[in-house]
Structures are given as C-alpha cells and as structure tokens.
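Peer 1: Take a look at this one; I'll ask things after.
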C-alpha cells in the first residue's frame, strides 16, 4: 500500500485500536473474529480513521488475552485463518486504511514449541531461548517480583532449574542474549512485513534486557525504580538497533510501549533517528481520585500536566501517539469523564484529536461506553484482577468488599463487547457472548448514534474530518497555555498558515478561562463547540461543565 516516497504517511494518520475478541462476531460462536472486522469495514470508513491497531490474533492459550503466544506465525482458530487476515489487509488497503499488529517478543506462551522443547533437557537447542538458573525448590534465585507482587520464577523439578518470567508463569521470558533466538525473531518480523502488514505496536519492549540475576531489588537505590532490574537495562538498545535495522527497510509505522521512558528521552526513542516512529507513554494513567460516589477515577490535574509535558518535550523532536483508553485500562469516560454524559465524552475527544502526534481512538470510546458493575468475580476475566481479589480475600476482606475494590478499576472495564445496536447482546453476537455485555447498550450504541447529528459518534467523526483538513491540527506544533484553574486544559497548535486554540473544561463545574493578552489580540473564529450557542471571544471565556472548544486564527504570530 505504501512506498518509500510516502514513508512518513503515519504522521498524518489517525489510529483506531481494535480488541478483536470484543469487536464483532461473524459466526455466532460468541467470540469476535477477523471476519467480523471485515464486515465492519464500512463502519471504520464512516468514522474516518486510516490506521488500525489490531490486538493479538496469534495462536494462543489466552492465559493473558492473546499476549501469551504459542505460534508467532499462525492465527488462532477462534479468530480465523491467515487467509482471513490477508483478505482483511487487502480490503483495508483498498479503502486507504493501514493495519499494524502487536509484536510480542519479550516472552512466549509456555505452550510455544520452543519452550516445550526447552523443558526436555538442558542440552536441548531451544533450552537457552529462555532464562534458567540452577537451584532447588526451596530457594528462589533472587528477590525479583513483578507489579502484582508475585515472584518472577518457576521451578522445574526434573531439570532442577528455575525459569524467569516477568509476567504470568505461563509466559516465560525470551533470552535475547542468545543470537540464535534473535535470528528467529528477526526472521519472524520480516515474514510479517512481507505478508503485508503496515507495522507493529511493540509490547513490553522495555523489558527484553535483564540485569544479571545476582542483582537484588532490595539493593536498588531508593531514588530509582526497583523494576529497573529488568526495565530499560543498559545494553538493551543494542537489541533495539537490530530490530530498527529491519524496520528501516520498509515504509511502516512502529509504536513502542515505552514503560519507564521519560518524556525527555522520547526524542531519542522516536523519530527518524529513534528506534521507533512513535511511543505510547504510560505515565498519565493515574487513578488516585474518587468521584462523588466514591468510585476511583483518573487524576485530571495530573493527566493534563503529564500530557502537556510529553507534548512539549516532543514538539520539535521525537513523536508520540496520544490515547485515552486501551485494552489495559478502563474506558476514558469512566477515567477522565463523568462516566455518563455525551458532553464529557466529547470533551475528551476534543483533547485527544487536537494533540500533536499520531492519536489512537480505542474502539467503543467513540460512542462513549461507560463503566459498569460486575456482580461476581467470575464475571471478570482479567488475571491481574483475580490476583488482587485473591490477595484481598487472603487478607480477610469479605468477597463483596473485595469485588467493589477491584470491580471498577480493572482491565475488563475496557474489554466488553462493542455495542452495535439495542438488540440482544448489543448486536455483537447471536450466540452466547464470551464476556458480559455492558448493560448501557440499550441507550449507547452505534445504530442509534449514527442517526443523531449531535451524538458522540458523529462528534468524533466531525473532529477526525476537521483534523485531516486543518493544517494546524494535522501537523502544527503544540504549545501549552497555563491556566489558573487546574481543570482547564488549554493549548495551541501552530502551523505556517493557521493556528488553533483548544479550550476544554475537564470538570462538572462552570469555569472561566482568562485568555492571555497575546492570544486576545488576534482574530479567532470557532471551528467546533460541544455546546449549542454563540461563543463570544473575550478576555474571560465562560466554559460550561465539560465544555470543549476549538478556535482558529489565520493571523496569529
């Protein structure tokens, strides 16, 4: 689809993340699949995005929702076949839409043929594709633990060895120190690029290098992150250079999941000289606030400041991919909005689609899906939620309190099936859905919102179209504007011929924004406003709750 001449196509792209198991079920087995995405290409075109990030569809036992891969070059039968994927890519390309896939190369499933062979003996040629330490069952190799508080080792009695895994014990880490393993990975990457995909989102890429295992977390200085023992370890950039050398041979888009990367380092990681074209930062996902009902929500003040810092640090050098929700976090409407209104969904959309970079919309956010209440732990698939739930029960909490604590803030809040219409199962499947459908589908669904000119969906569509045709929103540089109100997010995007000013009130209260004199002295006219009524440009602009406005100037300097 792309050529060397337009290798920077991704700079003007708008991404759409599809969690395939929850998107659309084409054969009524209750599971979303590739042919389901094919059947919804017209909807994707309607929305106006031109880049799909497809979460894993590889063969997998699905211990971790497909990120535990048992064969890198096969499609899991639940999702379809390689032929289905080939057809999807070709149809997307015919419609001017690119497709990138997850590249998961920190670990595999324990059902991968490499690990099955590695378990046979220490002499097996695949044994050193993974990390092993000799020992006995009573003594862990070290004190390393993951983000859930679990130790990162599993003992294999017949080998008298421990193997290492940052994540689930069913997901052993690959040993990137082994050149044969690296050759296998490089060969697999080339295979997929020749297959026709347009790039990769690199999962957990910060962890492919580990410190020697005689280093202890307990010895990490207090001013450093204890997980630095296996995050962005010195020397891992040599591995990234190997991957980059392959990427540079293709006109593709690559975006890294940049755990532990600071905004000041983003310009080294990305852009023409970086390892990837772009990165996803993880910093803004702070949820230490509560709403009026005591539900955990994101810290909007921190969200605003962190996004502003990343945008500022990547303004002239480097590149980032802004997002609000993804498969690892609850939905944006719950996290940063009021969890109910179209106004707050539109306010969030205005921020996302006004920022510099290659933005990604998470499927379902474009219709404003809210959070919902799980009735039991059995309704939750997220393994991290189960680990936390079990820990709370062990500590003596009763089941209902434990469920309340993990029920709102867990990854499954963002993984429920897409809400296509108000029919049974939200139109996702005619079978029994693999996962509970959000009860909001009766009122929040695609079919109804397509018909409503002022719906959240059509607001997203309008914003996407505006971004594509407006030079400032498309490729203008970002400049933040300070506000005395911690809930007001204000910034400028400046191109050679146009400038836009975005003002968003991230709160349930009416607020006033005082325009700086420099801005006030130029001519501005409104491009978009999520409230009906005339907007008067004056020194103090009154912003309604969740008010979002984009203004444009042709003479701003």
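Peer 1: When residues of segment 267-289 are filtered for being out of contact with any strand residue (DSSP E or B) (no Cβ under 6 Å at 6 or more places or on another chain) and at negative phi, how many remain?
Peer 2: Within segment 267-289, residues that are out of contact with any strand residue (DSSP E or B) (no Cβ under 6 Å at 6 or more places or on another chain) and at negative phi number 13.
Peer 1: Can you give me the number of residues within segment 1-46 that are in a helix (DSSP H, G or I), touching a residue at least 24 places away in the same chain (Cβ under 8 Å) and under 24 Å from residue 411 (Cβ atoms)?
Peer 2: 6
Peer 1: Looking at 167, 195, which is the one that is buried (at least 22 other Cβ atoms within 10 Å of the Cβ) and farther than 19 Å from residue 120 by Cβ?
Peer 2: 167
Peer 1: For residue 215, state whether it is assigned by TED's automatic domain parsing to the domain that holds residue 321, touching a helix residue (DSSP H, G or I) at 6+ places or on another chain (Cβ under 8 Å) and modelled with pLDDT of 95 or more.
Peer 2: Judged against the criteria, residue 215 is a match.
Peer 1: Further, regarding this structure: Which helices (runs of 4 or more DSSP H) does segment 390-507 wholly contain that include 1 or more residues that are touching a residue at least 40 places away in the same chain (Cβ under 8 Å) and under 30 Å from residue 316 (Cβ atoms)?
Peer 2: 456-469, 471-475
Peer 1: Kindly list, by first and then second residue, each pair from a residue in segment 218-229 that is in contact (Cβ under 8 Å) with a residue 12 or more places away in the chain to a residue that is surrounded by fewer than 13 Cβ atoms within 10 Å (Cβ to Cβ), limited to pairs with Cβ atoms under 8 Å and residues at least 6 apart or on different chains.
Peer 2: The qualifying pairs are 227/147.
Peer 1: Looking at segment 522-538, can you tell me whether even one residue there is touching a helix residue (DSSP H, G or I) at 6+ places or on another chain (Cβ under 6 Å), part of a loop (DSSP other than H, G, I, E, B) and either at pLDDT below 95 or under 30 Å from residue 371 (Cβ atoms) (or both)?
Peer 2: yes
Peer 1: Output the residue which, of all residues in segment 271-281 that are free of Cβ contacts under 8 Å to residues at least 60 places away in the same chain and within 17 Å of the chain's Cα centre (by Cα), is nearest to residue 413 (Cα to Cα).
Peer 2: By that ranking, first place goes to 281.
Peer 1: Name the single residue, out of those in segment 282-337 being in contact (Cβ under 8 Å) with a residue 12 or more places away in the chain and part of a strand (DSSP E or B), that is surrounded by the fewest Cβ atoms within 10 Å (Cβ to Cβ).
Peer 2: Checking each candidate, the answer is 296.
Peer 1: Might you let me know whether segment 9-32 holds any residue that is crowded, with 20+ Cβ neighbours inside 10 Å, under 16 Å from the mean Cα position of the chain (by Cα) and modelled with pLDDT under 95?
Peer 2: No, every residue in segment 9-32 fails to be crowded, with 20+ Cβ neighbours inside 10 Å, under 16 Å from the mean Cα position of the chain (by Cα) and modelled with pLDDT under 95.
Peer 1: Out of (1) buried (at least 21 other Cβ atoms within 10 Å of the Cβ); (2) under 30 Å from residue 490 (Cβ atoms); (3) under 22 Å from the mean Cα position of the chain (by Cα), the odd one out for residue 461 is which?
Peer 2: Failed condition: (1).
The values are calculated or read from the model by the stated rules, or taken from the named source; none is laboratory data. Everything numeric here is computed off the predicted structure, so don't read it as measured data. When we count neighbours, we look across all protein chains shown, and the Cβ atoms used for this are built from the backbone with ideal geometry, even at glycine.
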